[in-house]
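Notes follow the structure.
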Amino acid sequence: MQPLIWDRRPDGLRAPALVCAFEGWNDAGDAASSAVSFFASSLHASRFARVHSEDFFDVQSNRPCIRFTDSGTREISWPGVEVAEALVPKAPRDLVLVQGVEPSMRWRAFCTQLIDLAEALGVQLVVTLGALLGDTPHTRPVALTGHASDSALAERLQMHSSSYEGPTGIIGVLHTACVEAGLPSASLWASVPHYVAAATNPKAALALVRGAERLVGVSVDVSTLESAAADYERQVGLAVQSDPDIQAFVERLEQAAESEQAGPEDVPSGEALAREFQRFLRQRGPDSH
C-alpha cells in the first residue's frame, strides 16, 4: 500500500498554500495543531488525502484508539496525518491543510511524500507552524520567531528571525526539504510559557493564526479564539495569584522580558510549577469562571 492515500483529487485549487502542524515535540501547548485546526473549522476544510500510519508511526508510542461508530460498531482510529482542502473564494488563494501526529521514523521519506503532494497540487508556498516552551510570561504578547527560504518571505514575516541551533522536529526537517526542492517555505514558531506547559494555549494559537494570515493572505474570523485566549490568560492569572512563589517567579519573568535579559535565576522547577497548576485547575473544574 502506498504511504499517501488519496480519497479524491481536488480540482481547481487557486495558487494554493500548504499550512501544516504536527502534534508532539513541535506543538507546545497544542498551539500549532490548534491553529491549523482553527483554519480547518473556520474555512470548512474537507479531507482529500491521508498518510498511511504503518510506514511512519510507532504505534507503541502513539497507540491507536478504539471508538464506537454511530451504528454502534467498534472501529480503530490509527495515528496518522490528514490533508484537507480549504476553498477561500474571496481570498487570493486556497489552502491545503496538513495536520496529525509527528511521525516516529523515516522522516526524509515522509517529507518526500508531502513534497510530492505539494508539487502535484501546484502549491506555491509552504508554511509550517510550531510552538516551543520558553521563559516567557503569560501576561505579555506571544513572541513569534520565524525563518523563510528567501528575503521576500522573510520581510513578510515581520518578526525576529530564529537563531536556534540544536535538536529539531519534523517541522525543521520539512522546511529544509522544501528549500532543497525549490518550494518557497516559511516557518513560524510561538513561545509558550513553560510553567503552563500542560494546558492548551489558545493565546499562542491565535498568534500563529495571525502570523499565518499575513503570509498566505487568507483571513478568518478569530473572535472565538480571541475569547478563548482572554479566558486562558484570566485563568492562568488566577492560578498565579493563588501561589506567592509562582507569582514572584512570573514577576521576574516580566522584568526579564522588559529588560530583554536572560531568564531569572533560582526559579521553581518546571515539574513543581506544573503540579501546582494541575492542582489549581482540578480544584476549579472545567466550568469555573
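The values are calculated or read from the model by the stated rules, or taken from the named source; none is laboratory data. Remember, predicted model here, so these are calculated numbers, not experimental data. Glycine also receives a Cβ, built like all others from the backbone with ideal geometry; neighbour counts cover every protein chain displayed. Just so you know, the surface numbers come from the protein's heavy atoms only, side chains and all, with ligands and any DNA or RNA stripped out. Shrake-Rupley method; radii C 1.70, N 1.55, O 1.52, S 1.80 Å.
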statement: Exactly one of 125, 153, 117, 95 is surrounded by fewer than 20 Cβ atoms within 10 Å (Cβ to Cβ), touching a Pro at 6+ places or on another chain (Cβ under 7 Å) and either modelled with pLDDT of 95 or more or over 19 Å from residue 33 (Cα atoms) (or both), and that one is 153
message: Would you confirm whether or not the range 165-172 contains a residue that is open to solvent by less than 10 Å² (accessible area, probe 1.4 Å), at pLDDT 90 or above and either in a helix (DSSP H, G or I) or over 21 Å from residue 20 (Cα atoms) (or both)?
response: yes
- line: Pairs returned, first residue in the range 127-152 that is within 17 Å of residue 167 (Cα to Cα) and hydrophobic (A, V, I, L, M, F, W, C), second residue that is part of a loop (DSSP other than H, G, I, E, B) and open to solvent by 10 Å² or more (accessible area, probe 1.4 Å), beta-carbon separation under 8 angstrom, 6 or more apart or interchain, are 133/197
task: Name the strands (runs of 3 or more DSSP E) wholly inside the range 51-100 in which the number of residues that are within 28 Å of residue 214 (Cα to Cα) and among the aliphatic types (A, V, I, L, M) is 1 or more.
output: 81-86
query: Looking at 191, 219, which one is touching a residue at least 12 places away in the same chain (Cβ under 8 Å), over 13 Å from residue 137 (Cα atoms) and either out of contact with any Phe, Trp or Tyr (no Cβ under 9 Å at 6 or more places or on another chain) or outside any loop (DSSP other than H, G, I, E, B) (or both)?
result: 219
- request: Kindly indicate the residue of the range 64-83 that is surrounded by fewer than 11 Cβ atoms within 10 Å (Cβ to Cβ) and within 23 Å of the chain's Cα centre (by Cα) and also modelled with the lowest pLDDT among those meeting that condition.
  value: 77
- request: Might you check whether a residue that is open to solvent by 70 Å² or more (accessible area, probe 1.4 Å) and modelled with pLDDT of 60 or more occurs anywhere in the range 276-289?
  value: no
statement: Pairs returned, first residue in the range 50-77 that is under 30 Å from residue 115 (Cβ atoms) and among the hydroxyl-bearing types (Ser, Thr, Tyr), second residue that is open to solvent by 80 Å² or more (accessible area, probe 1.4 Å) and at pLDDT below 90, beta-carbon separation under 8 angstrom, 6 or more apart or interchain, are 53/78; 77/67
Test for residue 212: is it under 15 Å from the mean Cα position of the chain (by Cα) and assigned to a strand (DSSP E or B): no
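Residue by residue, here is whether (1) touching a strand residue (DSSP E or B) at 6+ places or on another chain (Cβ under 7 Å); (2) open to solvent by 50 Å² or more (accessible area, probe 1.4 Å); (3) not aliphatic (A, V, I, L, M) holds:
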residue	(1), (2), (3)
14	no, yes, yes
17	yes, no, no
26	yes, no, yes
33	yes, no, yes
50	yes, yes, yes
58	no, yes, yes
- request: Search the range 173-188 for residues being assigned to a loop (DSSP other than H, G, I, E, B) and touching a residue at least 40 places away in the same chain (Cβ under 8 Å), and hand back the single one that is surrounded by the fewest Cβ atoms within 10 Å (Cβ to Cβ).
  value: 184
